[in-house]
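See below for the structure under consideration.
Taken together, the values in this text are just the output of simple stated rules run on the coordinates, not laboratory data. For clarity, every value in this text was computed on a predicted model and none was experimentally measured. No Cβ is skipped: glycine too gets one built from the backbone with ideal geometry, and neighbour counts run over all protein chains shown.
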Amino acid sequence: MRSIRDATTLVGAAVAVFVLLVAGPAGAVIGGTDDTENVYENAGVLQLQVGSDWFDFCSGTLIRADVVLTAAHCTDFLVEEGSDGFGPGDLRISFDPEGDAPYATVDHIVVHPDWFTRPPGRGVNSKHSYLAPPAEDIALVFLDGDVAGVTPAPVADADYLAGLDLTRETFTVVGYGTDRFVTGGTLSNHPVVIVDGIRSFRDVSVITEHDAFPDRFLKITQSTCFGDSGGPLFHDGTVVAINVWTFSIRCSGPNFSYRVDSRAAATFLEANL
């Protein structure tokens, strides 16, 4: 999978999310329910400063009072200030259902080191190229201070999912951003995209047939779209995966979530938390 920094475009003043020009990282919840009752209080929206404005572009989960779990492709270009001018100071996170204040600011970001060693993807919609090791799409955002009034989410231990019958379980995706495409897709000249900027959630099931990456990814039913990247896939309130990928430019197909109980993810979390 190619990173946000590799090949992206800033899409639409309405939402200004970063998306790939081919099959891309996942974003907001399609067909979801707005979290008006703040049920998923620990799911936050990552906002990027571009000039004097701030834009929603990814999601994440508070897993410690001052640590947010998210995707590597959401944060790899923010680890340190580069030639593009972006750095940790250009990122803030809101845990308000509508992405409003107060905002948590960032001290530093740690991305799984293997993410930076992955080869470039080959071909549109090739999960074998984009999702194969060493593309470990996981990162931690360390905040300047504790987030008050929000209870951090527990994270699945190593092999958590091995104890479940995936065909019988219900999971929940949470994120901010794109709700649906009325016409066109991200590559259309005039796409019509519905974005309300409100935290949304949707129950999903796991697709176990023809899954090429059972050890590192879960294939889930249609749900995530652009803006939901980095957000949580919950099982009974525990984060079991990070929403990272959709193979449809209209977000109309299955999605992939990166398992936090995989060996690579578990080792990374143990070393950095």
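Could you please rank TYR40, TYR176, TYR103, placing first whichever residue has the fewest other Cβ atoms within 10 Å of its Cβ?
TYR103, TYR40, TYR176
Once you list every other residue whose beta carbon is under 12 Å from the beta carbon of VAL260, what net charge do they have if Lys and Arg are +1 and Asp and Glu are -1?
Working: positive: ARG216, ARG259, ARG263; negative: GLU136, ASP137, ASP157, ASP159, ASP261, GLU270.
Result for the local shell: -3.
List ILE63, ILE138 from most exposed to least, where exposure is judged by having the fewest other Cβ atoms within 10 Å.
In order of increasing Cβ crowding within 10 Å: ILE63, ILE138.
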